[in-house]
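Asks: The structure is given below, and queries will be raised subsequently.
The values are calculated or read from the model by the stated rules, or taken from the named source; none is laboratory data. None of the values given here were measured: they were computed from a predicted structure. Cβ coordinates were reconstructed from backbone atoms using ideal geometry, including for glycine residues, and neighbour counts include every protein chain displayed.
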Amino acid sequence: MKRIKKSVHLVTMLIILVTAIGATEYRRQQRVCTQISVAIEHDGIESFVSEREIRGLLQQGEKSIIGLPLNGLELKQLEHRVLGNPYVEWANVHYDLEGKVHVAVQQSRPIARIIHPKLPDAYVSTTGKLLPLSGRHTARVMLVGGTFIPKLIKGDWNQDSTGNQLLSLAKYIEQDDFWRAQIAQMDVNQQGEVTLHPQVGKQTIKFGKPDQIAEKFDKLELFYQQILPRKGWNYYNGVNLTYENQIVCD
C-alpha cells in the first residue's frame, strides 16, 4: 500500500512539473517585445551614432519590433543590421524575461582623417576600418595625406602591410597625450615613407618607413627636450629620424 501511495505521489509530482514547464514555455512563446534599451559605449569621444539611429535599424519593414513576439525575432539578423552602421564597431542584441530587447553597441573610434585632393575625405578607426565623415561631429584627429593615400582609401588598413604599419604609427601618436597634441599631419609618399608635420615649430620631421616607432619617437623627444631649447624652436627647418642612433638636423 505504501509503495502504491509513493508511486501515485511521484506521478502527481511529475505531472505538476511537466504542467509547470509547459505553462512556462507557453508564456515564453506568448511574450512580446515591450521595450527597446540601447546602450552605446562612446569610449570618451564624441557620439557619431545615436540611439535613434540604432532603433531605426531594428525596424521590421516600417514597423517597430515593439509588440512583436520575442520568439519571432532573429537576433543575429538584428545585430547584422546594427553593424551596417559604419560607426558601429561591435553590437550585441538580446532580450530578457520581461520582454525588453537590449542593444549594446561599441562605437568605432576615429584616430586619423585621410585627405586627398581627388578623393573624398574619410576617417580611419583604431581597428583600421575606414569611416565616412559624419554630419553629427567632426573628429579632432591627425590628418593623413600624400601620394600613397589612393592605395589606402578603400577597404581595411589591416589588409595592407604598409597600411598596418601606418595604423600602428597613428595609434602610437593617438595614445600619447603629447604627440597627439603636437603632430598635426602625417604625409606618406609612394614608397610608404612618412613625413610628420608638428603643430608647434616649423620643422618637418622625416620619419621614414613606419617602423621602429618607439625608438624614433625617443629620438624626437630628445630633439625637443635637449636640442631645440639650446638652439631655439625655429633654428632648424627639419629633423631626420631615419638613421640608427642618430638625429640629423638641418
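Asks: Being under 14 Å from the mean Cα position of the chain (by Cα) and either buried (at least 16 other Cβ atoms within 10 Å of the Cβ) or more than 30 Å from Gly208 (Cα to Cα) (or both) is the requirement here; does Lys76 meet it? Steps first, answer last, please.
Replies: On the way: under 14 Å from the mean Cα position of the chain (by Cα): no; either buried (at least 16 other Cβ atoms within 10 Å of the Cβ) or more than 30 Å from Gly208 (Cα to Cα) (or both): yes.
Against the criterion (under 14 Å from the mean Cα position of the chain (by Cα) and either buried (at least 16 other Cβ atoms within 10 Å of the Cβ) or more than 30 Å from Gly208 (Cα to Cα) (or both)), Lys76 does not qualify.
Asks: Another question about this same structure. Quick one: in region 56-73, which of the residues that are surrounded by 13 or more Cβ atoms within 10 Å (Cβ to Cβ) and part of a loop (DSSP other than H, G, I, E, B) is nearest to the chain's Cα centre (by Cα)?
Replies: That would be Leu58.
Asks: Considering only residues that are surrounded by 15 or more Cβ atoms within 10 Å (Cβ to Cβ) and within 15 Å of the chain's Cα centre (by Cα), which ones fall in region 169-178?
Replies: Ala170, Lys171, Glu174
Asks: Got at least one residue in region 214-231 being in a loop (DSSP other than H, G, I, E, B) and either modelled with pLDDT of 95 or more or over 27 Å from the mean Cα position of the chain (by Cα) (or both)? Reasoning before the result, please.
Replies: Going residue by residue through region 214-231, those that are in a loop (DSSP other than H, G, I, E, B) are none.
The answer is no; no qualifying residue exists.
Asks: Hey, another quick one. Out of the residues in region 90-117 that are crowded, with 20+ Cβ neighbours inside 10 Å and over 20 Å from Ser64 (Cβ atoms), which is farthest from the chain's Cα centre (by Cα)?
Replies: Ile114
Asks: Consider region 57-97. How many of its residues are free of Cβ contacts under 8 Å to residues at least 24 places away in the same chain and either assigned by TED's automatic domain parsing to the domain that holds Arg136 or aromatic (Phe, Trp, Tyr) (or both)?
Replies: Number satisfying all stated conditions: 1.
Asks: Name the residue that is surrounded by the most Cβ atoms within 10 Å (Cβ to Cβ), counting only residues in region 190-208 that are under 18 Å from Leu152 (Cα atoms) and either outside the structural domain of Gly238 (by TED's automatic domain parsing) or at pLDDT below 95 (or both).
Replies: The qualifying residue surrounded by the most Cβ atoms within 10 Å (Cβ to Cβ) is Gly192.
Asks: Looking only at region 10-45, count every residue that is surrounded by 14 or more Cβ atoms within 10 Å (Cβ to Cβ), under 23 Å from the mean Cα position of the chain (by Cα) and at pLDDT below 90 and tell me the total.
Replies: Of the residues in that region, 1 qualify.
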